[in-house]
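The values are calculated or read from the model by the stated rules, or taken from the named source; none is laboratory data. Keep in mind the model is a prediction, meaning the values are calculated, not measured. No Cβ is skipped: glycine too gets one built from the backbone with ideal geometry, and neighbour counts run over all protein chains shown. Keep in mind that these areas ignore ligands, DNA and RNA; they rest on the heavy atoms of the full protein, side chains included. Shrake-Rupley method; radii C 1.70, N 1.55, O 1.52, S 1.80 Å.
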Amino acid sequence: ETGVTQSPTHLIKTRGQQVTLRCSSQSGHNTVSWYQQALGQGPQFIFQYYREEENGRGNFPPRFSGLQFPNYSSELNVNALELDDSALYLCASSTSGAPGNTIYFGEGSWLTVV
Amino acid sequence: GDSVTQMEGPVTLSEEAFLTINCTYTATGYPSLFWYVQYPGEGLQLLLKATKADDKGSNKGFEATYRKETTSFHLEKGSVQVSDSAVYFCALSDRDGATNKLIFGTGTLLAVQP
C-alpha cells in the first residue's frame, strides 16, 4: 500500500469522448504526477503538479490536461479520445517536486477507448 | 536526452535460481536510480533505490549497485521465489529543472517456475 488512491479502476470510452481520472495523493505529499503506460511498455511521464500548478510536462498534446486541488488531490482530463489513448494511467505522489525524491504510485486506472 | 535500457524479457527461472536483470542508463547529470516492480494487474511498487555512485539499494533480497563508470544499475537476487514473478522496471530520476520526473525502461518480465 502506497497511500495513493485512484478512481475509477477501469473504464471504457468511445473515440471522441472526454474522460476524467482522479487521484488522492499520499498524506503529506504535495506533488502529484501522471504517467501513461501502454500495454507492454514502461510508463511515460505526462505532467507534474506542485502546489496546484503544472511545473513539468512530457511529450503529450494539450488535450491532456490536469488539475491539482488545495488538498493536493488531482485530476487528469483527456479530451477528444483516440484509440491510442487506451492505456493504464498511473498517478504518483512525492514529498516535493525536486528531482530525486522517491515517487509512490497508485494502482492505476485502466482506460479502454473503442 | 536521458534514457534507460533494460534487458529484453521474458526471463524464465526455476525457484531458488540466481537472478540478474541488466539495466544501463544515459544521463547528462547525476540521476537517482530506481527499480520498480509491477505484479499482474497492479500499479508500480518501489523495490529499491540508489541516489549516488557506489550506493547499493536493497530490499526483500534484491540488490542493485549504482555503477557510474559503467552507467549501470543491474538488479540481482540470490534465490528467486515463485512470488517474485512480475515485471521489473529500471528508472532514473531526471534532474531537469524542478520536475521530479522518472524515465523508465521498457520493463523485464520475470517468470519463476516451481
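Report whether or not residue A:81 is touching a residue at least 12 places away in the same chain (Cβ under 8 Å), in contact with a Pro (Cβ under 7 Å, 6 or more places away or on another chain) and either of a type outside the set (D, E, K, R) or at negative phi (or both). Spell out the reasoning first.
Details: touching a residue at least 12 places away in the same chain (Cβ under 8 Å): yes; in contact with a Pro (Cβ under 7 Å, 6 or more places away or on another chain): no; either of a type outside the set (D, E, K, R) or at negative phi (or both): yes.
No.
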ask   = What do you reckon, is residue A:21 part of a loop (DSSP other than H, G, I, E, B) and within 18 Å of residue A:105 (Cβ to Cβ)?
value = no
query = Given the structure, is residue B:103 among the β-branched types (Val, Ile, Thr) and more than 24 Å from residue A:5 (Cα to Cα)?
reply = no
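Just to be sure I understand, how many residues within region A:74-85 are open to solvent by less than 10 Å² (accessible area, probe 1.4 Å) and part of a strand (DSSP E or B)? Quick ask: steps written out before the conclusion?
We begin by selecting, within region A:74-85, every residue open to solvent by less than 10 Å² (accessible area, probe 1.4 Å); these are A:74, A:76, A:78, A:81, A:85.
Now narrow it down to the ones that are part of a strand (DSSP E or B): A:74, A:76, A:78.
Looking only at that region, the number is 3.
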note = Note on region A:86-114: residues in contact with a Lys or Arg (Cβ under 9 Å, 6 or more places away or on another chain), modelled with pLDDT of 95 or more and either crowded, with 21+ Cβ neighbours inside 10 Å or within 14 Å of chain B (Cβ to nearest Cβ) (or both) are A:91, A:109, A:111
ask   = Just checking, how many residues over region B:8-44 are within 14 Å of chain A (Cβ to nearest Cβ) and surrounded by fewer than 17 Cβ atoms within 10 Å (Cβ to Cβ)?
value = 10
task = Please specify each residue of region A:9-33 satisfying the condition of being more than 13 Å from residue A:85 (Cβ to Cβ), within 14 Å of chain B (Cβ to nearest Cβ) and not β-branched (Val, Ile, Thr).
result = A:10, A:23, A:24, A:25, A:26, A:29, A:30, A:33
query = When you scan region A:4-16, how many residues do you find that are more than 15 Å from the chain's Cα centre (by Cα) and more than 12 Å from residue A:112 (Cβ to Cβ)?
reply = 1
query = Limited to region B:32-60, what total is found for residues that are within 21 Å of residue B:71 (Cα to Cα) and touching a Pro at 6+ places or on another chain (Cβ under 8 Å)?
reply = 1
remark   = Restricted to region B:45-65 and to residues being within 15 Å of residue B:83 (Cβ to Cβ) and not polar (S, T, N, Q), the residue nearest to the other protein chains (Cβ to nearest Cβ) is B:47
remark   = For residue B:52, the lone unmet condition from (1) modelled with pLDDT of 95 or more; (2) assigned to a loop (DSSP other than H, G, I, E, B) is (1)
task = Would you check if there is a residue in region A:50-73 being surrounded by 16 or more Cβ atoms within 10 Å (Cβ to Cβ), under 11 Å from the mean Cα position of the chain (by Cα) and among the aliphatic types (A, V, I, L, M)?
result = no
task = Could you list, in sequence order, all residues of region B:57-114 that are part of a loop (DSSP other than H, G, I, E, B) and open to solvent by less than 10 Å² (accessible area, probe 1.4 Å)?
result = B:66, B:73, B:80, B:105
message = Criterion first (more than 24 Å from residue A:18 (Cβ to Cβ) and of a type outside the set (A, V, I, L, M, F, W, C)) does residue A:93 satisfy it?
response = yes
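Given the structure, is residue A:75 over 26 Å from residue B:40 (Cβ atoms), among the charged types (D, E, K, R) and away from every other protein chain (no Cβ under 14 Å)?
On the way: over 26 Å from residue B:40 (Cβ atoms): yes; among the charged types (D, E, K, R): yes; away from every other protein chain (no Cβ under 14 Å): yes.
Yes.
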ask   = Which of the residues that make up region A:1-45 are surrounded by fewer than 20 Cβ atoms within 10 Å (Cβ to Cβ) and without any contact (Cβ under 8 Å) to a residue 40 or more places away in the chain?
value = A:1, A:27, A:40, A:41, A:44
